[in-house]
Each structure stands twice: as structure tokens, then as C-alpha cells.
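Working notes for the structure below.
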Amino acid sequence: MAGPAHPEAMAPPTPGRTRAAPPQMPSTWWSAKRIRTYILFDATGIIYFLIAFLGIRLINALGAGPEAWDAAMESLKNPIYIAFHLLTLVSVIFVAVRFFRLFPKAQPPAMGPMKPPPGPIIHGMLYVVWFGITAFMTAVLAGVIL
Amino acid sequence: MVEKTIIITRFDPDRDEKPRKQEYTVPCEDSWKVLDAVNFIKDEIDATVSHRWSCRMAVCGSCGMMVNGEPKLTCKTALSDYDDRVDIEPLANFPIVRDLVVELDGFMHKFESVKPWIIRAKEQAEDKASLHPEKDTFGQSTEELGNFKQFSMCINCMLCYSACPVVANEPDFLGPAAIALGHRYNLDSRDEGAEERHDIFRGEGTVFSCSYANECSEVCPKNVDPAAAINQAKFGTVIDWAKGLVLPRGGTK
Ligand code: SF4
Ligand code: FES
């Protein structure tokens, strides 16, 4: 262990009579198997941060006229961009799956006389909505509808 | 019987500047739990080692320690699950009083702050009318009990506090077990104290400090699932807030 936690973590409201050693936490916490999914989940924030920049760049190009837009679209064919977008896709799927897994148990056991449906049904409904929206968006982008 | 090296964190507040490690060679029986090895050291090798335990059957919640970096109830954790070297440390995120003994007052203070008792809105005399006429108790159906039973199974072992990354970084965070307990009373059909707990649950360092790491629930030996309680409380808070926008007297129970 032996890494420092926040020195005030779980401190008593008034100091005890004997001197206590400051709280510690495992210095290898980030590599612990149990916490790995959470660390990966948090790390995806970096990807969304980067893709926000790309979004701003594309909006700028859109405002700068058709030529700038075409050049921006052309630059997205670069293998680095393609790899980045694939990584983003994987990370979005990962975040969605983790969120869907944890979502059912965050439902209150009852709201007045109403009870939420059982966890597996909520879980299934989330996937149905997700796949439905994805299919709809794909159809729109492919020009099949709208 | 197999020999293992048990590494114990030692800290004597009168002598040590900071915690240090001490190794002991222990002849371990195959059936031993981790606590048995620590007890063996205390009884047979070094009587100065300090640790807490009581029931030896995962009920009292006092034997929580870090075993190879993971928060564990040592009376429930088989020693045979570990290699030849086992590192036993005091619970992470708690001030260390001595060796494997951590400071509990901060935890108890957080516990108390959620008012973990049944609060009735009316005065006792007035409340008599809601009592069961023969049994003189407040009735509760099995279904109503089921709404909160899981959250009432906590044994105060504090493993969830040791596992939580927010506890490690935000001293004001109420933490998993305390929020689960407060939520347990808010869900209790006999309780009318949700409004009193309103600010405790919505202020700084409360439910919205939780980043849903879910670590508390992963390590909880009693399947209390405090992460579920915290996130149900978040959900309830948002619903109350929304009700407060549309209903004249807000949305608390
Ligand atoms: S919620 Fe679970 S891990 Fe936390 S103190 Fe209670 S029993 Fe222990
Ligand atoms: S000794 Fe009581 S829970 Fe382990």
C-alpha cells in the first residue's frame, strides 16, 4: 500500500488523544483488477475531450465555406483519424454497456404505488432503445429515410 | 500445514514516525482464515501486534483489513487463496491509531449525521392513532420491508470506505455505508424523516459526490450494495427537485 490518501480522509471531528498516522491507500490502486473497469471508464473522458476539439474544428470549417468543409472531410480519411474514430466507437460502446449494467439498480424500489420493472427488463429495454436509435440514425445517414 | 510470510504494518504512535512493515514466518493450517494467521502472530510470536476482531463469523464487522491491497473481512477470507507472502495492512483511507487498528470516530460521526433512526413527524401522543390497535407497533408489510431490507444488512465493517476512490480524496464525502443507512430509513414505510434528511443528502459531499465507481458494492461482504442506495438517492433527489418545480410544497416524502 503506502501511498498517501487525503490527509483529512475519515478524520475524527475532534482529534483523538493519541497521535494517529495519516490515512494511506494502495499506491498501485490504478492497477488493481477490481478497479480497472472504473479507471478505463474514467479514461474515456480524454477521448471525448479530444473529439470535442474535432467537433469545434468541423463547425469552424462549416462556417468557412464549402472548400474548407471539403478539405476537412478529406483530412478525416487520414488513417490516424480513422483509428481515432474506431477507438471512440469502442469507448462509447464500453461506456454504454457499463452504464446499462449499473442503471437498473439505481432505480428507486417504488415510486408511490408504482414499482420499476425487474432489472433484466430495464436492461433489455435500454438495449432495445439503443439499437433502435442506432438503426434509425444509420438509416438517416445512409439516405434510406428522410 | 504450509509456511507463509505474513507482513504486518506496524505503527506505535509513541515511537514510530510513520507506519513500517514487519515480517513474520507463520506455520499456517490449510483451513485458516487470514485472521487466524494474525491471531497466531499475536498469541505465539509477538504480543505487541494490535488488531481488532470479535465474532469470527462475519457478523461484528470489526476485523476489516487490507489483504494484499484489497479490503477484506479477515475472518471470512481464506489464507489458502494467497501465495507465500501475504501483506496485511490497516484499512485504507482511515487514520491509523496503532498497527492494524484504525480511527473510527470519523466514520461514526458520518453515520450519526444521516439520523439513522425512525423519525415520526407527529408528537408521540398524536402518533398513537397510527399504531396497530392490539400490538402497539407500527405495521409493515413484507413488501414494504423488502424495499429497504438489503440496505439494513450493513455490519459497519467499513470495507466500502476503504475501497471508495471518492472517500480517499474528498474528506467531506458522507461515504457509502452512511448514505445507504440514511436511504434505508427514507425507504422505511414507518419513517417520516425524509424531509429532515433532505439537506444532509443534498448538501456538499453527499450523494452527488459519488462518481458511481461501484467499488463499495464490489467489496461489501454483506451484499448491501451501497452504490445502489447512493444512486437511488440521487434519482430520488432529482425527482424531488422536479416535483418541487411543479408542485407548490415540493416533493419530499
Ligand atoms: S455497506 Fe457493506 S462494506 Fe460498507 S460498512 Fe456496510 S457491510 Fe461493510
Ligand atoms: S471477527 Fe467479526 S466480522 Fe470478522
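Every read-out reported here was derived from the displayed coordinates using simple, explicitly stated rules and does not represent laboratory data. Just so we're clear, the structure is a prediction, and the values are computed from it rather than from any experiment. Positions of Cβ are generated from backbone atoms using ideal geometry, with glycine treated the same way; all protein chains shown enter the neighbour counts.
Provide a whole-number value for the mean count of partner chain Cβ atoms within 10 Å of the Cβ atoms in peptide B:3-15.
Numbers: counts 0, 0, 0, 0, 0, 0, 4, 0, 3, 2, 6, 2, 0.
Whole-number average of other-chain Cβ neighbours for B:3-15 is 1.
Taking the Cβ of each residue in A:PHE136, B:PHE201, A:PHE84 as the centre, tally the other Cβ atoms inside 10 Å and list the residues starting with the fewest. The partial results should precede the final answer.
Numbers: A:PHE136 13, B:PHE201 22, A:PHE84 16.
Arranged by neighbour count, lowest to highest, A:PHE136, B:PHE201, A:PHE84 become A:PHE136, A:PHE84, B:PHE201.
Which whole number gives the average, over all residues in B:232-240, of C-beta atoms from other chains lying within 10 Å of the residue C-beta?
Numbers: counts 5, 2, 1, 4, 2, 0, 0, 2, 0.
Per residue, the number of nearby Cβ atoms from other chains is 2 on average.
The protein assembly as shown: Rg/Rh from Cα coordinates, Kirkwood Rh? Kindly include the intermediate steps, with their values, before the conclusion.
On the way: Rg = 26.0 Å, Rh = 24.6 Å.
Checking Rg against Rh, the ratio lands at 1.06.
Which residue fluctuates most in the GNM of chain B (Cα springs below 10 Å): B:CYS164, B:CYS220, B:CYS55?
B:CYS55
Taking only the alpha-carbon atoms of region A:31-106, what semi-axes of the equivalent ellipsoid follow from 5 times the gyration tensor eigenvalues under a square root, in whole Å, largest first? All intermediate terms of the calculation are to be shown ahead of the outcome.
On the way: eigenvalues 215, 36, 20 Å².
The three semi-axes for region A:31-106 are 33, 13, 10 Å.
Whole-Hz Karplus ³J(HN,Hα) for region B:88-100, in order, using 6.51 cos²θ - 1.76 cosθ + 1.60 and θ = phi - 60°, x for Gly and Pro?
Once θ is set to phi - 60°, the couplings for region B:88-100 become 10, 10, x, 3, 5, 6, 10, x, 9, 7, 6, 6, 9 Hz.
Given a 10 angstrom Cα cut-off, can you work out which residue in A:ARG17, A:ARG34, A:ARG57 is the most mobile in a GNM of chain A?
Between A:ARG17, A:ARG34, A:ARG57, it is A:ARG17 that shows the largest mean-square fluctuation.
Within 10 Å of each candidate Cβ there may be at most 13 other Cβ atoms; applying that plus a DSSP loop requirement, which trypsin sites (Lys or Arg not before Pro) in region B:2-105 survive? Please report the intermediate quantities before stating the final value.
Values: sites: B:LYS4, B:ARG10, B:ARG15, B:ARG20, B:LYS21, B:LYS33, B:LYS42, B:ARG52, B:ARG56, B:LYS72, B:LYS76, B:ARG85, B:ARG98; in loops: B:ARG15, B:ARG52, B:ARG56, B:LYS76.
Passing both the DSSP loop test and the Cβ count: B:ARG15.
At most 13 other Cβ atoms within 10 Å and a DSSP loop assignment: could you name the GluC sites (Glu not before Pro) in region B:125-231 that fit? Don't skip to the answer; put the middle values down first.
Numbers: sites: B:GLU126, B:GLU134, B:GLU143, B:GLU144, B:GLU192, B:GLU195, B:GLU196, B:GLU204, B:GLU215, B:GLU218; in loops: B:GLU134, B:GLU192, B:GLU204.
Those satisfying the criteria are B:GLU134, B:GLU204.
Using a 10 Å cut-off around each Cβ of peptide B:158-171, what is the average number of partner chain Cβ atoms that fall inside? Walk me through the numbers before you get to the answer.
Values: counts 1, 0, 0, 2, 5, 5, 1, 8, 1, 6, 11, 4, 3, 8.
Partner Cβ neighbours, averaged per residue: 4.
Under 26 Å Cα-Cα from B:LYS234, which lysines qualify once same-chain neighbours fewer than 8 residues away are excluded?
In chain and number order, the partners are A:LYS105, A:LYS115, B:LYS110, B:LYS115, B:LYS149, B:LYS222, B:LYS243, B:LYS253.
Which cross-chain or sequence-distant (5 or more) residues have an amide H under 5 Å from the amide H of B:ARG10, H modelled 1.01 Å from N in plane?
Residues meeting the amide H criterion: B:ARG20, B:LYS21, B:GLN22.
Report the Rg/Rh value for region B:28-104, based on alpha-carbon coordinates and the Kirkwood definition of Rh. Walk me through the intermediate numbers first.
Working: Rg = 11.7 Å, Rh = 12.6 Å.
Value, to two decimals: 0.93.
Report, in deg cm²/dmol and to the nearest 500, the calculated mean residue ellipticity at 222 nm for chain B, where each DSSP H run with n ≥ 4 adds -39500 (n - 2.57) and the sum is divided by the residue count.
On the way: 10 runs with 82 residues, N = 253.
Result for chain B, helices only: -9000 deg cm²/dmol.
Which values of log₁₀ I(q)/I(0), to two decimal places, follow from the Debye formula for region A:12-146 at q = 0.09, 0.16 Å⁻¹ with a uniform point scatterer at every Cα?
The Debye formula, applied to the Cα set alone, gives -0.54, -1.09.
Rounded to whole Hz and in sequence order, give me ³J(HN,Hα) for region A:46-53 from the Karplus expression 6.51 cos²θ - 1.76 cosθ + 1.60, θ = phi - 60°, writing x for Gly and Pro.
Coupling constants for region A:46-53: 4, 5, 5, 4, 5, 6, 5, 4 Hz.
Which percent, nearest 5, of DSSP beta bridges in the protein assembly as shown are antiparallel? Mind dumping the intermediate values first?
Numbers: 23 of 27 bridges.
Close to 85 percent.
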